[in-house]
Every structure is written in structure tokens, then in C-alpha cells.
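What follows is a short report on a single structure.
The values are calculated or read from the model by the stated rules, or taken from the named source; none is laboratory data. What you see is a predicted model, and the numbers here were worked out from it, not measured in a lab. Here the Cβ is made from the backbone with ideal geometry for all residues, glycine too, and neighbour counts use every protein chain on show.
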Amino acid sequence: MDALTEKLEAKLREWKPETAAQVRARISEVIELADHGVLDLLRSRSVEQEVLDLLDAPASR
């Protein structure tokens, strides 16, 4: 077992059941995307925030 797996196992035991369930669901989604070779289609939170910031910025004219 590698360090990431060990850390995940520890965190899943530490978190509230609801949080652990959400993490499991999201990890399952990422695994599914990776299995289908479309992981790059997953929007990163940072890119999403950049778009939201651009939409919120006042128009310069």
C-alpha cells in the first residue's frame, strides 16, 4: 500500500460519515473518468474559479 492509500484510509476513518461518503463518491467518479481516458475533461476548481472571476469582473470599455 502506498502513502496516498494509507492517508486516504486514515482520513476516511477520521471524517464524519457524510464527508467520507462524498469523498468516496468523488474518487469513484475520478477513477471512472480515468478508466475511460477522459480525465482531462474534469474541470479543475481553479479553472472554474478563474471563469467565475472573469464573469464577475466589471467590463472595461
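Residue count for region 1-47, restricted to those that are part of a helix (DSSP H, G or I) and either of a type in the set (S, T, Y) or touching a residue at least 24 places away in the same chain (Cβ under 8 Å) (or both): 4. Just wondering, is there one or more residues in region 16-25 that are within 21 Å of T5 (Cβ to Cβ), acidic (D, E) and modelled with pLDDT of 90 or more? Checking region 16-25: not a single residue is within 21 Å of T5 (Cβ to Cβ), acidic (D, E) and modelled with pLDDT of 90 or more.
Quick grid of which residues meet (1) loosely packed, with under 10 Cβ neighbours inside 10 Å; (2) in contact with a Phe, Trp or Tyr (Cβ under 7 Å, 6 or more places away or on another chain); (3) among the aliphatic types (A, V, I, L, M):
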| site | (1), (2), (3) |
| --- | --- |
| A3 | yes, no, yes |
| L8 | no, no, yes |
| P17 | yes, no, no |
| S28 | no, no, no |
| H36 | yes, no, no |
| S44 | yes, no, no |
| Q49 | no, no, no |
| D53 | yes, no, no |
| A57 | yes, no, yes |
